[in-house]
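The values are calculated or read from the model by the stated rules, or taken from the named source; none is laboratory data. Remember, predicted model here, so these are calculated numbers, not experimental data. For neighbour counting, all protein chains shown are included, and Cβ atoms are generated from backbone atoms with ideal geometry for every residue, glycine included.
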């Protein structure tokens, strides 16, 4: 199984205001805006870390909250990954199909951290959320995550 960070999802009562803060204060770049029936949201590049910034997502059964919602990982073998997660004893929170046809699985990781594994397919890389310059591998260091956390506290 191969994995790659897909995004960090932040849910907020005011996605536009939150994105403006990231742009104005941390130099983030807006890659796409999503005004679907499911949610209002943005795909943002925060110096190599992709952020999804949305309000609550209609149709998501899993309890939602504001703040850092989850870390999502792409996988090239969703079924095997979900089987391995289940075998580990991790609690599966929700499995669903996204509007673009991809299947995803939310689960609870160590210490209650919410994680998502996402099926990768050709269509997913052409989705409205991705721009061609974001199709490269992401390099996210501990320093960047620690810095982000301290800036948001």
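The table below lists the values:
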read-out	value
Any hit, region 84-98, residues being touching a strand residue (DSSP E or B) at 6+ places or on another chain (Cβ under 9 Å), touching a residue at least 24 places away in the same chain (Cβ under 8 Å), surrounded by 17 or more Cβ atoms within 10 Å (Cβ to Cβ) and at negative phi	yes
Region 104-116 - residue that is in contact with a strand residue (DSSP E or B) (Cβ under 8 Å, 6 or more places away or on another chain) and more than 15 Å from residue 60 (Cα to Cα) and, of those, modelled with the highest pLDDT	108
Which numbered condition residue 75 misses (of (1) closer than 17 Å to residue 10 by Cα; (2) at pLDDT 75 or above)	(1)
Matching entry among 82, 57 (being at pLDDT below 90 and outside any strand (DSSP E or B))	57
Those residues of region 1-16 which are within 12 Å of the chain's Cα centre (by Cα) and crowded, with 18+ Cβ neighbours inside 10 Å, in sequence order	6, 7, 8, 9, 10, 11
Subset tally (residues that are outside any strand (DSSP E or B) and in contact with a strand residue (DSSP E or B) (Cβ under 6 Å, 6 or more places away or on another chain)) for region 65-74	1
Qualifying residues in region 17-54 (those that are in a strand (DSSP E or B) and modelled with pLDDT under 85) - the one nearest to the chain's Cα centre (by Cα)	40
